[in-house]
Amino acid sequence: MAEWNGGVMPECPAIKELKDALRSAVPLLSANPNKLGTVRNDSSRHTAGLAMDIMLDSRDPVEKSVADSIITAVINVHHSMKWYDLIYTDWENGKPVYFHVPGLPPFGGPKGMLKKNPTSAKLGKQHENHIHIDWFNLNAEKWPPQASTTGFKTALIGELQKPPQWLVDFMTLNF
Ligand SMILES: [Zn+2]
């Protein structure tokens, strides 16, 4: 059964604005447009224009730290972005820890909304080299109203440009 039966759609307004914000605020992503993948024709939520893959590899320390700061930012601005789910990978002692962060029902998990919840190894394995984020509510024919969410760009850019916590801690300890 296909995830999406509505044909190839353009990027939804929320995805479009997220792309703009990431390209403005994240140098690694402005430098290489191919690192942001949205619509593709495979009857998935990507075909619906409701999903984005941010190609930052969790095995690369630099890309991983940028990815972590993006995840923190989209969680902090979730109240105005209203995305549904996000998937990525952490590493502990050389072992992958696959997780998803539910933002809205029908997604959820034992750790709660906007927290890292475990996901399957099968799904997780596909998300070692990119963050997946979407506005898909499992309806195979129709965008959810949240797909039209806009107006979060300034707040998101603000979050993305905050100094990372390790730097704040370092400055506080030493000066
Ligand atoms: Zn994806």
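A few points about this structure:
- Lysine pairs meeting the criterion (Cα under 13 Å, 8 or more apart or interchain), as found in the chain: 5
- Toward the positive end of the charge dipole of the chain, with +1 on the Cβ of Lys and Arg and -1 on the Cβ of Asp and Glu, the farthest Cα among Met1, Pro33, Leu160 is that of Met1.
- Placing +1 on the Cβ of every Lys and Arg and -1 on the Cβ of every Asp and Glu, with no other charges, gives region 13-174 a dipole of roughly 240 debye about its Cα centre.
- Cβ-based net charge around Asp134, under 11 Å, with every Lys or Arg adding one and every Asp or Glu removing one: -2
- Cut-off 15 Å between beta-carbons: net charge of the residues surrounding Met81, Lys and Arg +1, Asp and Glu -1: -2
Read-outs throughout are calculated quantities, based only on the coordinates presented, and are distinct from any laboratory measurement. Just so it is clear, the model here is predicted, and its values are computed rather than measured. We place every Cβ from the backbone using ideal geometry, glycine too, and count neighbours over all the protein chains shown.
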